[in-house]
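Encoded as structure tokens, the structure appears first; notes follow it.
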Amino acid sequence: GLDPELLSLVPRPVCAVLLLFPVTEKYEAFKQEEEERLKGQGQEVSPDVYFVKQTIGNACGTIGLIHAVANNQKYLEFEPNSPLQKFLEQTSKMTPEERAVFLEKDESIRVTHESSAQEGQTEAPSLDEKVNLHFIAFVNVGGQLYELDGRKPFPVAHGKTTEDSFLEDAVEVCKIFMARDPQEVRFTIIALSKD
């Protein structure tokens with residue numbers, strides 16, 4: 001639930017929020033309008049935001065987790081020789097498009113992605129299978145709430161946030177996704193918190 005009393009039960013600080021939502025015609029139309037509006041009016045995006053384009057089919061969960069982890073490295077400790085840590089170090093100075101190309105060729109991430117996908121409770125879709133659900137991440141970078149969706153050309157800034165209000169602020173944006181398709185029930189929100 002998204003009620004304040006239920007959100008208060010989530011361990012803090014929340015480092016990132018992942019949203020799984022249905023990709024509908026309404027969402028696609030909104031996405032196109034938003035992109036045109038933001039390209040026209042511009043927005044300020046911190047150079048500290050780590051963003052990667054999604055060029056691999058059905059990898060939005062992996063991309064969402066990369067966004068969540070990459071933008072919260074100060075909270076995390078990696079295992080020695082972690083493939084993810086190596087990937088982040090090797091791509092830290094790249095553009096989002098260069099990161100996507102690097103990810104396509106990174107065997108250790110691909111193997112980890114495929115093995116994790118096969119561990120799930122349902123059969124994982126093939127890389128080219130058409131799916132209508134999509135993961136995105138919300139992160140707090142420099143006191144700004146960012147939506148990171150590898151299908152979009154750039155991060156989307158949603159305004160100011162704090163470590164204390166981040167979960168509630170991200171949930172407000174999630175509610176907008178839900179309100180756009182009120183007949184839909186296929187929404188899942190995951191909070192990644194530091195214990």
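The values are calculated or read from the model by the stated rules, or taken from the named source; none is laboratory data. Just so it is clear, the model here is predicted, and its values are computed rather than measured. Glycine gets a Cβ as well: all are built from the backbone with ideal geometry, and neighbour counts include every protein chain shown. Quick note on the areas: whole protein, heavy atoms, side chains included, nothing else; ligands and nucleic acids left out. Shrake-Rupley method; radii C 1.70, N 1.55, O 1.52, S 1.80 Å.
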Cβ-Cβ under 9 Å pairs, at least 6 apart or on other chains, the range 174-193 side assigned to a loop (DSSP other than H, G, I, E, B), far side among the aliphatic types (A, V, I, L, M) and surrounded by 11 or more Cβ atoms within 10 Å (Cβ to Cβ): Glu184/Met178; Arg186/Leu20; Arg186/Leu133; Phe187/Leu19; Phe187/Leu20; Phe187/Met178
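When you look at Thr112, is it open to solvent by 40 Å² or more (accessible area, probe 1.4 Å), modelled with pLDDT of 95 or more and of a type in the set (Ser, Thr, Tyr), yes or no? Reasoning before the result, please.
Details: open to solvent by 40 Å² or more (accessible area, probe 1.4 Å): yes; modelled with pLDDT of 95 or more: no; of a type in the set (Ser, Thr, Tyr): yes.
Here the answer is no, as Thr112 does not meet what is asked.
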Condition met for Phe21 (in a loop (DSSP other than H, G, I, E, B) and surrounded by 12 or more Cβ atoms within 10 Å (Cβ to Cβ)): no
Some residue of the range 63-77 being over 17 Å from the mean Cα position of the chain (by Cα) and over 27 Å from Phe187 (Cβ atoms): yes
Candidate set: the range 1-18, residues that are assigned to a helix (DSSP H, G or I) and without any contact (Cβ under 8 Å) to a residue 60 or more places away in the chain; chosen: the one surrounded by the most Cβ atoms within 10 Å (Cβ to Cβ): Leu6
From the options Gln73, Gln43, residue that is closer than 22 Å to Ala157 by Cβ and modelled with pLDDT of 95 or more: Gln43
The range 29-75: number of residues that are part of a loop (DSSP other than H, G, I, E, B), open to solvent by 40 Å² or more (accessible area, probe 1.4 Å) and among the aliphatic types (A, V, I, L, M): 2
Members of the range 134-173 found to be of a type in the set (Gly, Ala, Ser), surrounded by 22 or more Cβ atoms within 10 Å (Cβ to Cβ) and outside any strand (DSSP E or B), listed by number: Gly150, Ala170
Which numbered condition Leu88 misses (of (1) assigned to a helix (DSSP H, G or I); (2) within 24 Å of Gly143 (Cβ to Cβ); (3) touching a residue at least 40 places away in the same chain (Cβ under 8 Å); (4) not small (Gly, Ala, Ser)): (3)
Residue match in the range 61-68 (condition: within 16 Å of Pro153 (Cβ to Cβ) and in contact (Cβ under 8 Å) with a residue 24 or more places away in the chain): yes
Residues satisfying the stated conditions in the range 147-181, i.e. acidic (Asp, Glu) and under 27 Å from Arg99 (Cα atoms): Glu147, Asp149
